[in-house]
């Protein structure tokens, strides 16, 4: 599968989970379960970008550096949302601010890095896409990844 299709499909998966979470009552168990699923998918997404996609388009170093900075911004806003209790005033606004930051990052990536500002053949794009899909499956099936994300979530809630 083409690397851009993998990236766009996963952006849509993340957007769909955000919409689903937003529509649920803030303190519900179902929302927390879906949030946990979202957090794993977000971490997987950031990792496939950092490990595979960005290095492949590294010739666009200025844009890749901006994308890395935006990852930090996404996690900073996520930390604010996670530190806010679901029943606290302003929780929904913090969550929606996070969703806005995440969507802006995805939209900018789709606009500026896809297609990459470097020449890549269809064969290279498909090989990269296959690597990305393989890594996503590997991370989804990993107990260590799930523990890693639980630890990261705990840290985000703390700071």
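Within the bounds of the stretch 116-132, is there any residue that is in contact with a helix residue (DSSP H, G or I) (Cβ under 7 Å, 6 or more places away or on another chain), assigned to a helix (DSSP H, G or I) and more than 25 Å from residue 5 (Cα to Cα)? There is no residue in the stretch 116-132 that is in contact with a helix residue (DSSP H, G or I) (Cβ under 7 Å, 6 or more places away or on another chain), assigned to a helix (DSSP H, G or I) and more than 25 Å from residue 5 (Cα to Cα). Just one of the numbered conditions (1) crowded, with 16+ Cβ neighbours inside 10 Å; (2) assigned to a helix (DSSP H, G or I); (3) at pLDDT below 90 is not true of residue 110: (1). Taking the condition surrounded by 13 or more Cβ atoms within 10 Å (Cβ to Cβ), out of contact with any strand residue (DSSP E or B) (no Cβ under 9 Å at 6 or more places or on another chain) and under 26 Å from residue 83 (Cα atoms), does residue 139 pass? Taking the combined requirement at face value, the residue satisfies it. Checked against the criterion of being in contact (Cβ under 8 Å) with a residue 24 or more places away in the chain, in contact with a helix residue (DSSP H, G or I) (Cβ under 7 Å, 6 or more places away or on another chain) and closer than 21 Å to residue 85 by Cα, the stretch 41-59 has at least one qualifying residue. Has the stretch 84-96 got any residue that is within 21 Å of residue 148 (Cα to Cα) and either under 11 Å from the mean Cα position of the chain (by Cα) or surrounded by 15 or more Cβ atoms within 10 Å (Cβ to Cβ) (or both)? Taking every residue of the stretch 84-96 in turn, none turns out to be within 21 Å of residue 148 (Cα to Cα) and either under 11 Å from the mean Cα position of the chain (by Cα) or surrounded by 15 or more Cβ atoms within 10 Å (Cβ to Cβ) (or both). Quick check, is residue 77 closer than 22 Å to residue 28 by Cα, under 15 Å from the mean Cα position of the chain (by Cα), outside any loop (DSSP other than H, G, I, E, B) and in contact (Cβ under 8 Å) with a residue 24 or more places away in the chain? Answer is yes for this residue. Taking the conditions (1) on the phi > 0 side of the Ramachandran plot; (2) surrounded by 15 or more Cβ atoms within 10 Å (Cβ to Cβ) in turn, residue 153 satisfies each one other than (1).
The values are calculated or read from the model by the stated rules, or taken from the named source; none is laboratory data. As the structure is a computational prediction, the values presented were derived from the model and not from experiment. Virtual Cβ from ideal backbone geometry, glycine too; neighbours counted across all protein chains shown.
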